[in-house]
Amino acid sequence: MEYKTAKTTFHRDFTIAHTDDRLYGSFIEHLGRAVYTGIYEPDHPLADEDGFRTDVMKLVQELRVPIVRYPGGNFVSGFRWEDSVGPKESRPRRPELAWRTIETNQFGLNEFMRWCRKVGTEPMMAINLGTRGADAARNLVEYCNLPAGTYYSDLRVQHGAPDPHNIHLWCLGNEMDGPWQIGHKTADEYGRLALETAKVMKWVDPSIELVACGSSNLDMPTFASWEATVLEHTYSHVDYLSMHQYYDNQAQDTADFMASSVAMDAFIRSVISICDYVKAKLKSKKTMYISFDEWNVWYHSKQHDAVLEPWSIAPQQVEDVYNLEDAILVGSMLITLLRHADRVKIACLAQLVNVIAPILTAPGGGVLRQTIFYPFLHASNYGRGTVLAGVVDSPKYDSKNFTDVPMLDCTAVLSDDENELTLFAVNRSEDTPLLWAPSLQGFEAYRIQDHIALEGPDRYAINDFDHPDRVAPIHKALPKENSFLLSPLSWNVIRLIKA
Ligand code: AHR
């Protein structure tokens, strides 16, 4: 097969930033089967004494997810946190308006905290700024983070959690710019409410960090002015601004779909500019960081969900089954996040189990690694350390909505002990292999250890319970020199170890 060539120069001294571990966060919402029959299924043969599925916990641990956003998403904007604590038999069943289901509240705040501790992850707790406000939020911080001796901290102790949960990271609502949101607000309405809520939350616990809502996606009509207005209200009281974005290949145009990460890159650059504009306007010395707390591919399940009967409990909802090309784009999105490690400190793959997720469960049955599991696994395990700034020379292509899309997308991460250099690379081309010769300056003593690739002849191939490993990483033959053949539509992880 005819190939094209690409080059990249990495130099040990040309660095972008050290990665924040929280770049590899994820998300569990009370939506569909993320919680019920996802992470929590008391009747399952592999459930532990808390009803948590141990097979799911193992896969979450394999992914080394440092933070999990909870409990929503759109769900949080109608949520009363008090419903989810205390004796299970007294917890109310509620009509859940965001996803039109019944919420039983049999899994709630304290169960989630127990699950986090068992899995070895930290919570990223979202508060309801749709139907509620500062009062419910400050009570929740008191319930979670104060030792004991006040009304809500004593209530937590009474509920079987003697030690404070010490939740460090909090989201001030979810997608408040979206008309679909319960309690949708204008930027001024939200900005004022977020500020007043941030103040009392930090007065209860000054050690916490807060994320303000940015736009729900780049196409929102209020994008940019929303960010600027919200930040003008909240700049001194919040630590991060959120970004959300999902991509789809509804048009079945792979070349265009693979260029989505170019759009993601431009979106991040725009949001950084807006943050810096507000910084300048307010004459602030503080830099605003980004929490990209919802990102993924999402479209396969939309037709199914459009005709779903409302008001059932934990239905099969928003359950995309991912194919190979989705995994390659997810890899490219991870590379994009890494290249912005200086400003994007938090990111959450949305979501973690069953709902647009890398992990799929069968109720009462097995657990499956979806195709997108693998790029996340590799980036989370090998992509922590110092990100290097590469100078990329790649052939380019044009697609329906993009021009000059580099066929090669890549980055490099040097581990903290400096013993390992990992190159991540995607070949976006549908049909042309790329011969990639990265020049690794300052890494002369490093030897190629492994070339892992996710690739295959069928871009629509999926994993299912009958064929769980149809799409799985392979180990390629190692070249003598730094020159790698990247298959069309492939995700590549090249690991070099100091000799
Ligand atoms: O992740 C699914 C949904 O996508 C979330 O509930 C919402 O925040 C976003 O629109």
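The values are calculated or read from the model by the stated rules, or taken from the named source; none is laboratory data. All of these numbers come straight from a predicted model, not from anything done at the bench. When we count neighbours, we look across all protein chains shown, and the Cβ atoms used for this are built from the backbone with ideal geometry, even at glycine.
I'd like the full set of residues that are outside any helix (DSSP H, G or I), of a type outside the set (Phe, Trp, Tyr) and closer than 13 Å to Leu218 by Cβ, limited to segment 247-298. Outline the logic, then answer.
Restricting attention to segment 247-298, the residues satisfying the condition of being outside any helix (DSSP H, G or I) are 247-253, 259, 282-298.
Going one step further and asking which of them are of a type outside the set (Phe, Trp, Tyr), we end up with 248-253, 259, 282-288, 290-291, 293-294, 296-297.
Passing the criteria: only Glu294.
Could you say which residue among Tyr40, Tyr70 is within 22 Å of Gly364 (Cβ to Cβ) and buried (at least 18 other Cβ atoms within 10 Å of the Cβ)? Before the answer, list the steps.
On the way: Tyr70 fails: within 22 Å of Gly364 (Cβ to Cβ).
Exactly one residue qualifies, and that residue is Tyr40.
Take the residues in segment 162-184 that are hydrophobic (A, V, I, L, M, F, W, C) and surrounded by 23 or more Cβ atoms within 10 Å (Cβ to Cβ), then tell me which one is farthest from the ligand (Cβ to nearest atom). Outline the logic, then answer.
Within segment 162-184, the first condition is being hydrophobic (A, V, I, L, M, F, W, C), and the residues that meet it are 167, 169-172, 176, 180, 182.
Those still in the list that are surrounded by 23 or more Cβ atoms within 10 Å (Cβ to Cβ) too: 170-172, 176.
Details: Trp170: 16, Cys171: 10, Leu172: 13, Met176: 10 Å.
The qualifying residue farthest from the ligand (Cβ to nearest atom) is Trp170.
Looking only at segment 220-235, decide whether some residue is outside the structural domain of Asp398 (by TED's automatic domain parsing), within 13 Å of the ligand (Cβ to nearest atom), under 26 Å from Glu122 (Cβ atoms) and surrounded by fewer than 20 Cβ atoms within 10 Å (Cβ to Cβ). If you could, list the steps in order and put the result at the bottom.
Taking segment 220-235 as the starting set, the residues that turn out to be outside the structural domain of Asp398 (by TED's automatic domain parsing) are 220-235.
Now narrow it down to the ones that are within 13 Å of the ligand (Cβ to nearest atom): 220.
Okay, now just the ones that are also under 26 Å from Glu122 (Cβ atoms), so none.
No, segment 220-235 contains no residue that is outside the structural domain of Asp398 (by TED's automatic domain parsing), within 13 Å of the ligand (Cβ to nearest atom), under 26 Å from Glu122 (Cβ atoms) and surrounded by fewer than 20 Cβ atoms within 10 Å (Cβ to Cβ).
For segment 307-361, which residues satisfy the criterion of being more than 26 Å from Met407 (Cα to Cα), touching a helix residue (DSSP H, G or I) at 6+ places or on another chain (Cβ under 8 Å) and in a strand (DSSP E or B)?
Lys345, Ile346, Val353, Ile359, Thr361
Which of the residues belonging to segment 288-300 are more than 17 Å from Phe257 (Cα to Cα) and within 12 Å of the ligand (Cβ to nearest atom)?
Hits for segment 288-300 are Asp293, Glu294.
For the subset of segment 73-102 comprising residues that are at positive phi and surrounded by 15 or more Cβ atoms within 10 Å (Cβ to Cβ), which member is farthest from the ligand (Cβ to nearest atom)? Let's see the steps before the verdict.
Taking segment 73-102 as the starting set, the residues that turn out to be at positive phi are 73, 86, 100.
Adding the requirement that they be surrounded by 15 or more Cβ atoms within 10 Å (Cβ to Cβ) leaves 73, 86.
Values: Gly73: 3, Gly86: 25 Å.
Here the residue is Gly86.
For Phe373, indicate whether it is in contact (Cβ under 8 Å) with a residue 12 or more places away in the chain and crowded, with 20+ Cβ neighbours inside 10 Å.
Considered against the rule, which asks whether it is in contact (Cβ under 8 Å) with a residue 12 or more places away in the chain and crowded, with 20+ Cβ neighbours inside 10 Å, Phe373 comes out as yes.
What residue, of Ile28, Ile16, is of a type in the set (A, V, I, L, M, F, W, C), surrounded by fewer than 24 Cβ atoms within 10 Å (Cβ to Cβ) and at pLDDT 95 or above?
On the way: Ile28 fails: surrounded by fewer than 24 Cβ atoms within 10 Å (Cβ to Cβ).
Sole residue among the options that is of a type in the set (A, V, I, L, M, F, W, C), surrounded by fewer than 24 Cβ atoms within 10 Å (Cβ to Cβ) and at pLDDT 95 or above: Ile16.
For Gly149, state whether it is at pLDDT 95 or above, surrounded by fewer than 21 Cβ atoms within 10 Å (Cβ to Cβ) and touching a Gly at 6+ places or on another chain (Cβ under 9 Å). If you could, list the steps in order and put the result at the bottom.
Working: at pLDDT 95 or above: yes; surrounded by fewer than 21 Cβ atoms within 10 Å (Cβ to Cβ): yes; touching a Gly at 6+ places or on another chain (Cβ under 9 Å): no.
Taking the combined requirement at face value, the residue does not satisfy it.
Taking Ala350 as meeting all but one of (1) without any contact (Cβ under 8 Å) to a residue 12 or more places away in the chain; (2) of a type in the set (A, V, I, L, M); (3) crowded, with 24+ Cβ neighbours inside 10 Å, write down the number of the exception.
All conditions are met except number (1).
How many residues does segment 59-90 contain that are part of a strand (DSSP E or B) and of a type in the set (Phe, Trp, Tyr)?
Of segment 59-90, the ones part of a strand (DSSP E or B) are 67-70.
Now restrict to residues that are of a type in the set (Phe, Trp, Tyr): 70.
Number satisfying all stated conditions: 1.
Can you tell me which residues in segment 400-436 are surrounded by fewer than 17 Cβ atoms within 10 Å (Cβ to Cβ) and among the polar types (S, T, N, Q)?
Hits for segment 400-436 are Asn401, Thr403, Asn419.
Going by the structure shown, is Val471 aliphatic (A, V, I, L, M), part of a loop (DSSP other than H, G, I, E, B) and surrounded by 13 or more Cβ atoms within 10 Å (Cβ to Cβ)?
Considered against the rule, which asks whether it is aliphatic (A, V, I, L, M), part of a loop (DSSP other than H, G, I, E, B) and surrounded by 13 or more Cβ atoms within 10 Å (Cβ to Cβ), Val471 comes out as yes.
Look at segment 195-215 and say how many of its residues are buried (at least 19 other Cβ atoms within 10 Å of the Cβ) and either closer than 12 Å to Leu241 by Cβ or acidic (Asp, Glu) (or both).
6
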